[in-house]
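A short write-up of the structure that comes next.
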There are 2 protein chains.
Amino acid sequence: MNNNVFDDPATTREEILAATYRSLRRHGYADLTIQKIGDELEQSPSLIYHHYEDKDALVLACLEYLLDHFEAELGRGPIEAPRERLEGLLGWGFGTEMSDEWQAFMQTVLELRVQAIHDPAYRDHFTRSDRVFTESIASIIRSGIESGEFRECEPAVVAETLQLLFFGRLLRLSSTADELEEWAVDIQSEAQQYLETRVYA
Amino acid sequence: MNNNVFDDPATTREEILAATYRSLRRHGYADLTIQKIGDELEQSPSLIYHHYEDKDALVLACLEYLLDHFEAELGRGPIEAPRERLEGLLGWGFGTEMSDEWQAFMQTVLELRVQAIHDPAYRDHFTRSDRVFTESIASIIRSGIESGEFRECEPAVVAETLQLLFFGRLLRLSSTADELEEWAVDIQSEAQQYLETRVYA
């Protein structure tokens, strides 16, 4: 999920989704209203209601759009340099330098995941999302095994483990006052060590 | 956090906290009201308001009470059989047999963690709670190192890693439709493998 997906909206629908994404980043989920998205869009809320039933339909469409975009990017061409790709992912997911804005958006995703406990539509989205993300990690690992760079291992299991560690880190980061430097640095090197043992060795 | 903590409330305050705990398990956080806790207690809500300002003060007092109890239990005597203790924890945290009621309570804890994003009082609680739980795991590992059963390792880092993996698993379990048997079994054996490599070897 990067910022550039919505840089050049081509249709009204894409403009609405882009405004939803910016509003989500700005206000979080709980404080988001169709009015605020309308303000972001410089349009009346009635335009939005013409396309989407309510706030949740809009947020879900936005998440699905981002995920579709991510999935399409994944499908492009073979995976070159799998080790660099994995290291890049590790830096992205476990590095301790994050912008406040990015951190706020990840907290919003966490709020939406908790919505999924009781809302089947969010639940379906995150089910697909988790499968897409683990598959994206697993495909990098498989490609490294095929090229002989990586050892034989279970790509899906390694991918799932990294994903859960990332979620746990996000939850701890979002719900406690402990500084990232006190514990997250250790987790980053532990994840690194995990790859050394399981994948690179 | 086990059920028995509140089995024998000795004061009105403990009775109220016990009723809060039962109500949280029954209704979750979002649907919890002082009225429902009063019903659980078979008392008027005014009795509760005499002791606690609002729902969040009550829920926090309940969480703190559980954590104090857990902490006091930990302090009792030396740690015998550290390997069995770790294996027990692994079964508790990563096993795939959970009662629906337990799962519902863990989802409530997740909802409360998301409250902590914006509420400093919950944030303080979970900061302390995470420290207590990692320390409880780390102290088992230290005891195994001292007795020569475990290899030299960094107990705090291993404890933090297991905790994050547990959180991630809980978040995935609560927010997706994928069956536990499809992925959580692999995570359990991966956590086991992690202990073999890092602690037992």
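The values are calculated or read from the model by the stated rules, or taken from the named source; none is laboratory data. What you see is a predicted model; the values in this text were computed from it and never measured. With ideal geometry, Cβ positions are generated from the backbone for all residues, glycine too; neighbour counts draw on all protein chains shown. Heavy atoms of the whole protein, side chains included, go into the accessibility calculation; ligands, DNA and RNA do not. Shrake-Rupley method; radii C 1.70, N 1.55, O 1.52, S 1.80 Å.
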Would you check the accessible area of residue B:55, probe 1.4 Å, heavy atoms only, in square angstrom rounded to 10? 50 Å²
What order do A:50, A:69 take when sorted by accessible area (1.4 Å probe), most exposed first? A:50, A:69
Using only helices, what value at 222 nm comes out for the protein assembly as shown when you add -39,500 (n - 2.57) per DSSP H run of length 4 or more and divide by the total residues, to the nearest 500 deg cm²/dmol? -24000 deg cm²/dmol
At 1.4 Å probe size, with no ligands or nucleic acids counted, give the accessible surface of residue A:122 in Å², nearest ten. 0 Å²
Tell me the trypsin sites (Lys or Arg not before Pro) within segment B:128-170 that lie in a loop according to DSSP and have at most 15 other beta-carbon atoms within 10 Å. B:151
Before I look further, what does segment A:1-150 give for accessible area per residue, probe 1.4 Å, in whole square angstrom? 50 Å²
Straight-line reach from residue A:36: which lysines have a Cα under 27 Å away, not including same-chain ones fewer than 8 places off? A:55
Mind checking B:129-142 for the average number of partner chain beta-carbons within 10 Å of each residue's beta-carbon? 1
Stretchable slack from residue A:69 to residue A:151, in nm (0.36 nm times residue separation minus alpha-carbon distance): 26.4 nm
If you fit an axis through the alpha-carbon atoms of helix B:180-195 and take the longest principal axis of the Cα set of chain B, what angle between them do you get, 0 to 90°, nearest 10? 50 degrees
Calculate what fraction, in whole %, of the accessible area of segment A:1-77 sits on carbon and sulfur atoms when a 1.4 Å probe is rolled over the protein chains. 43 percent
As I understand it, the value is the acute angle between the Cα axis of helix A:82-94 and the longest principal axis of the Cα atoms of chain A; what does it come to in degrees, rounded to 10? 60 degrees
For helix A:55-74, what angle does its Cα long axis make with the longest principal axis of chain A, in degrees from 0 to 90 and rounded to 10? 40 degrees
For segment A:76-151 and segment A:184-201, compute the distance between their C-alpha centroids and round to whole Å. 16 Å
Which residues belonging to segment A:82-128 lose at least 40 Å² of 1.4 Å-probe accessible area when the assembly is complete, relative to their chain isolated? A:111, A:113, A:114, A:117, A:123, A:127
Quick one: label points 7 angstrom along Cα→Cβ at residue B:156, distances to the other copies in nm, smallest first? 3.8
Between chains B and A, what is the buried accessible area in Å², counting both sides, with a 1.4 Å probe and ligands, DNA and RNA left out, to the nearest 100? 3600 Å²
In this structure, the FRET efficiency calculated for residue A:43 and residue B:103 from their beta-carbon separation, with R0 = 30 Å, to the nearest 0.05, is 0.10
Mind checking the mean number of beta-carbon atoms from other chains within 10 Å of the Cβ atoms in A:158-166? 5
Accessible-area order (highest first, 1.4 angstrom probe) of the listed residues B:124, A:130: B:124, A:130
